Amino acid sequence: MIKINENYLRLQASYLFSEIAKRVSAFQEANPERDIIKLGIGDVTRPLPPACVEAFKKAVVEMGEDRSFRGYGPEQGYPFLREKIAANDYHSRNMDISPDEIFISDGAKCDTGNIQEIFATDIRVAMPDPVYPVYLDTNVMAGRTGEFQGGRYEGIVYLESTKENGFIPDIPREPVDLIYLCFPNNPTGATIGGSMLKDWVDYARENKAVILYDAAYEAFIGEEDIPRSIYEIEGARDIAIEFRSFSKTAGFTGTRCAFTVVPKSCKAYTSKGEPYSLHALWHRRHTTKFNGVSYPVQRAAEAVYSEEGKEQTKSLVDYYLENAALIRERMLEIGYECAGGENSPYIWVDGKRDSWAFFDLLLERAGVVCTPGTGFGKCGEGFVRISAFNDYDNVERAMRRIKEALEGSQ
Ligand SMILES: *Cc1c(COP(=O)(O)O)cnc(C)c1O
């Protein structure tokens with residue numbers, strides 16, 4: 001009798017987005033004349049930068065011609081792209097990352113989900129709360145957790161991000177082996193300064209732990225003294241794997257291209273306590289299970305690093321940052337405390353009541369859809385995430401309506 005992987009049965013039904021859709025359509029049905037603005041989305045809305053489109057098209061034409069046709073490319077990604085990444089994202093900021101430490105993939109979602117395969121199942125995993133659900137669910141699937149009780153899985157060390165700690169979790173008191181961190185954070189929008197990030201790096205070095213650093217929103221960092229990469233911190237090369245993506249940086253959510261950095265000096269241990277290269281393991285895993293990102297997509301991603309590409313992606317990011325600043329400013333004006341919205345496209349708003357009650361209030365009074373924080377974990381209760389991924393006009397209209405509806409009605 002064939003059996004299923006019962007770890008999957010421990011997964012919680014992801015009812016967040018279906019519940020949002022249900023409430024929105026019920027509201028729309030009851031109020032057909034009302035216009036609804038969606039500020040709940042974690043997806044970009046602006047088109048690809050023209051430099052990327054040009055490179056993309058040119059590469060498609062190459063694929064259609066005898067002389068320039070290409071079949072399978074290198075599984076790890078074409079050197080032309082890995083060299084540009086190393087030079088522009090790392091060397092230009094004095095980080096010592098070489099092109100062969102970079103693995104091109106079709107998404108940071110897959111990479112942050114798959115990376116846990118190269119670690120033992122009986123390790124202690126530390127997970128932010130609130131969290132991007134991929135990190136948690138893939139560890140549940142792999143059998144690293146017990147039952148789900150009282151909103152949490154047994155066997156996970158939760159790193160609480162609260163108003164009290166400025167949404168930067170404290171270093172755990174108990175020893176942990178694998179630590180997920182994400183800055184600028186989804187959903188809270190929080191960023192981490194160099195000295196606090198150094199505390200995490202030092203902790204990992206002292207405890208022979210590994211940090212998985214999700215920097216998918218790195219492009220939104222404008223302030224010079226906020227680290228864009230964990231490798232800006234001394235010693236991080238030995239204990240950290242970094243994930244980045246062209247999704248939010250350059251509007252590639254539907255085009256699909258990302259990369260993971262696994263430094264050659266990054267080690268974990270065999271059961272006998274001998275150090276082993278994580279680069280070697282991830283290389284083996286990646287080249288066994290993945291056959292590369294399509295050539296035109298890698299050419300489109302390469303164009304992000306051209307002079308025009310840099311300008312165009314910067315103005316794309318600036319566009320969303322302007323939305324974010326407006327959302328943040330308006331919410332503060334009407335007396336709601338927020339995190340994020342600076343160096344981040346997300347604004348994490350203290351709704352002063354439970355998350356779903358605030359969601360309903362914004363929907364019913366202002367016709368604006370946000371995302372209830374409780375969907376990202378226990379510590380998200382009481383908060384909502386407002387996203388800056390939308391047209392400026394829509395954001396402006398939404399914030400005017402929120403202001404009218406909520407001012408003086410708390
Ligand atoms: C959007 C996002 C990513 C990027 O995912 P892709 O698969 O590259 O599109 C990664 N991490 C977080 C936290 C995100 O929000």
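The values are calculated or read from the model by the stated rules, or taken from the named source; none is laboratory data. What you see is a predicted model; the values in this text were computed from it and never measured. Please note: Cβ atoms are built from the backbone with ideal geometry, for glycine as well, and neighbour counts cover all protein chains shown. These area figures cover heavy atoms from the full protein model, side chains too; ligands, DNA and RNA do not enter into them. Shrake-Rupley method; radii C 1.70, N 1.55, O 1.52, S 1.80 Å.
Pop out the ³J(HN,Hα) list for region 381-393 in order, Karplus 6.51 cos²θ - 1.76 cosθ + 1.60 with θ = phi - 60°, rounded to Hz; leave Gly and Pro as x.
Residue by residue, region 381-393 yields 4, x, 10, 10, 9, 10, 9, 8, 7, 6, 6, 4, 4 Hz.
Search the structure for amide H atoms under 5 Å from the amide H of residue 38, placed 1.01 Å from N in the peptide plane, and list their residues when 5 or more places away or on another chain.
369
Provide the net charge surrounding residue 332, with neighbours chosen by a C-beta distance below 14 Å and charges set as Lys +1, Arg +1, Asp -1, Glu -1.
It works out to a net charge of -2.
For region 30-103, which GluC sites (Glu not before Pro) are both in a DSSP coil and crowded by at most 12 other Cβ atoms within 10 Å?
Passing sites in region 30-103 are 33, 65.
So what J values fall out for region 27-44 if you push phi through Karplus, 6.51 cos²θ - 1.76 cosθ + 1.60 with θ = phi - 60°, rounded to Hz, Gly and Pro as x?
Those phi angles translate into 5, 5, 5, 6, 10, x, 7, 7, 8, 10, 10, 9, 10, x, 7, x, 10, 6 Hz.
Only helical DSSP H runs with n ≥ 4 go in: add -39500 (n - 2.57) per run for the chain, normalise by residue count and round the 222 nm mean residue ellipticity to 500 deg cm²/dmol.
Rounded to the nearest 500, it is -10500 deg cm²/dmol.
Return the sequence-ordered ³J(HN,Hα) values of region 212-222 in whole Hz as given by the Karplus equation 6.51 cos²θ - 1.76 cosθ + 1.60 applied to θ = phi - 60°, using x for Gly and Pro.
Karplus values, whole Hz, x for Gly and Pro: 9, 10, 8, 10, 4, 9, 3, 5, 7, 6, x.
Kindly flag which residue pairs out of 22/310; 57/109; 109/208; 84/267; 38/198; 163/264 have an alpha-carbon separation exceeding 30 Å in this structure.
22/310; 38/198; 163/264
Taking amide H atoms as placed 1.01 Å from N in the peptide plane, list the residues 5 or more away in sequence, or in a different chain, whose amide H sits under 5 Å from that of residue 267.
278
Within the set of other residues whose C-beta is less than 11 Å from the C-beta of residue 201, count the net charge using Lys and Arg as +1 and Asp and Glu as -1.
Residues near residue 201 contribute -3 overall.
Using a cut-off of 13 Å between beta-carbons, work out the net charge of the residues near residue 142 (Lys and Arg +1, Asp and Glu -1, residue 142 not included).
-2
Taking one equal scatterer on every alpha-carbon of region 112-192, how large is log10 of I(q)/I(0) by Debye at q = 0.17, 0.19, 0.27 1/Å?
-0.67, -0.83, -1.46
Taking a probe of 1.4 Å, how large is the accessible area per residue of region 264-313, in Å²?
That works out to 53 Å² for each residue.
Percent relative contact order of the chain, based on C-alpha pairs within less than 8 angstrom and at least six residues apart?
23
Give the aspartates and glutamates whose C-alpha is closer than 13 Å to that of residue 289, dropping any in the same chain fewer than 8 places away, or say none.
75, 106, 111, 117
Probe radius 1.4 Å, ligands and nucleic acids ignored: give me the carbon and sulfur share of the accessible area of region 52-306 as a rounded percent.
After summing per-atom areas, the C and S share lands at 49 percent.
Would you work out the Kirkwood radius for the chain? I mean one over the mean of 1/r across all pairs of different Cα atoms, in Å.
22.4
Can you list residues whose amide H is under 5 Å from residue 214's amide H, if they're 5+ apart or on another chain and H is modeled 1.01 Å from N?
Counting only residues 5 or more places away or on other chains, the set is 181, 182, 183, 243.
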